[in-house]
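Let me begin by presenting the structure, written as C-alpha cells, before commenting on it.
No value in this document is a laboratory result; all are computed from the given coordinates. What you are looking at is a predicted structure, and each value in this text was computed from that prediction instead of being measured. A quick note on method: Cβ atoms are made from the backbone with ideal geometry, for glycine too, and the neighbour counts reach across all protein chains shown.
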Amino acid sequence: MNKKELFNQLQNLATEQRNPLSMDIDNKSIVEILSIINAEDKKVALAVETQIPYIAQAVEIVAKGFINGGRLIYVGAGTSGRVGVIDASECPPTYGVSFDMVQGMIAGGDGAMFRAVEGAEDKPESGAHDIDLKKVNAKDTVCGIAASMRTPYVIGAVKRAKELGAKTLYVTTNPRKNFELPEYKELAKAIDVAICAEVGPEVIMGSTRMKSGTAQKLILNMITTTAMICLGKVYENMMIDLQMTNKKLVERAKRIVMTITGIGYDEAENYLSEAKGHVKTALVMIKANVKYDEATMRLKRANGFVRAAIEGKEYTII
C-alpha cells in the first residue's frame, strides 16, 4: 500500500473522524472538558452492549479451547496491545490459572508496553513470525485487537493463526460493514468471530486510547471473566480459585471462606490449612461437612465446580 492509499484508508475510518461535539474543546474550561469526555465515555458501554451476541460466541470458543488444553492469545499494537497484555496478566492471580493460559502479544515486544516502538505495527510478517514463535496450534484461540481494524501486525498474526488451525477472534471499534471492503475481505475470511463496538469518533481525533481503548478493555474483561465462570472459577459471585501468593490474597481467601460459609476468622484459617490452601476444597469441606479426601474427590467428579461438588453431583463443562 502506497502513501496515498494509506492516507485514503485512514481518513475513511470511524476512529479517525472528528467528533462534532468536541470541536471547540480547546476553548473550554477544565470542568467543561471533563464533562465532554465523560459524556462520550458514557456511550462506550452501550456500544459494547450491541456486541453481546458476538462476545457470547467468542466466550464459547475460548472456554472450549481452555477445556481442550488450548490458550487464549491476544495480539495488538499500541493501546490495543497493552489492553490485551493487561487482561492476560491479571488472569493468573485472579483465577489461579497458569501464566501460559492467557497471553498477550504486542507489536515491538515486551518493551512496547512501556515505551512506544514506532513502526512496529507496520509489518504483517512480524505478526505472523510472533505467532510462529508462540507455536500456535489448533487448540488455541488468537484474538486480534485493532481499533482501526487495519493494523498490519495484527492482521498478519490472525491470518497466520488461522493457517495453523487456531480459532480466531477480532476486536475493533470500526463498523462491521468494513469487512466487506476489498482491502479487508481476506482478513474477514480468517476470522471466526468479529466484535465491532462502534464507539464513534474520539474526543481528540484519532486518540484511540480513549473510547476505543475503554471498549476493548470492557470486551476483554467480559470474555475472560465469563470463560472463567464457565470453567468453575467462580462460586456465587466470588473468586474461589485464587492463588494465595501474597499476604493480601491470603486474607482475601479467608474472607471468601468466611463470607460464603459464615464461619469465623480462626476457623477459616484452620480449614484453609487443612485444605492445603485450596479455597474450593475448604468450601466443599465446610458446606458438605466432609473431610479433605472426600472434598477433593467430589471436586474432581464435578470438574472443579463447587456448587455441584457440595451437592455431590457430577458436572459436565460446556
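With both labels modelled 7 Å from their Cα along Cα-to-Cβ, the THR245 to LYS139 distance reads 2.1 nm.
Across the options ILE219, GLY84, ILE131, the greatest Cα extent toward the positive end of the charge dipole of the range 3-230 (unit charges at beta carbon of Lys, Arg, Asp, Glu) belongs to ILE131.
Give me P(r) over the chain, computed from all C-alpha to C-alpha distances, binned every 10 Å, as integer percentages. So the P(r) values, bin by bin, are 6, 24, 28, 21, 14, 6, 1, 0. With bins 5 Å wide beginning at 0, the percent of Cα pairs of the range 166-318 falling in each bin runs 2, 9, 14, 14, 13, 9, 7, 9, 9, 7, 5, 2, 0, 0.
Here the extension length gained between HIS129 and ASN303 equals 59.0 nm, from 0.36 nm per residue of separation less the Cα-Cα distance.
Sites listed here are GluC sites (Glu not before Pro) in the range 94-141 whose DSSP assignment is loop and whose Cβ has at most 12 other Cβ atoms within 10 Å: GLU118.
A crude spin-label estimate for the pair LYS42 and SER273, with each label 7 Å from Cα along the Cβ direction, gives 5.4 nm. Near GLN103, the amide H atoms lying under 5 Å from its own belong to LEU72, ILE73, TYR74; only residues 5 or more places off or on other chains count, and H is placed 1.01 Å from N. Label sites at TYR292 and MET23, each approximated as a point 7 angstrom past Cα along Cα to Cβ, lie 7.1 nm apart.
In this structure, the pairs whose alpha-carbon distance is over 20 Å, taken from LYS134/LYS280; LYS139/LYS217; LYS254/LYS291; LYS64/LYS300; LYS134/LYS167, are LYS134/LYS280; LYS139/LYS217. Please give the contour-minus-distance gain from ARG115 to ASN221: 0.36 nm per residue of separation, less the Cα-Cα distance, rounded to one decimal in nm. Going from the current span to full extension adds 35.8 nm. Take each peptide in 41-47, 19-25, count the other Cβ atoms within 10 Å of every residue, and average; sorted highest first, the result is 41-47, 19-25. Charges at C-beta only: +1 for Lys and Arg, -1 for Asp and Glu. How large is the resulting dipole of the chain about its Cα centre, in Debye rounded to 20? Its charge dipole is roughly 540 debye. Estimated at 0.36 nm per residue, the fully extended path between ASP100 and ALA188 surpasses their Cα-Cα distance by 28.9 nm.
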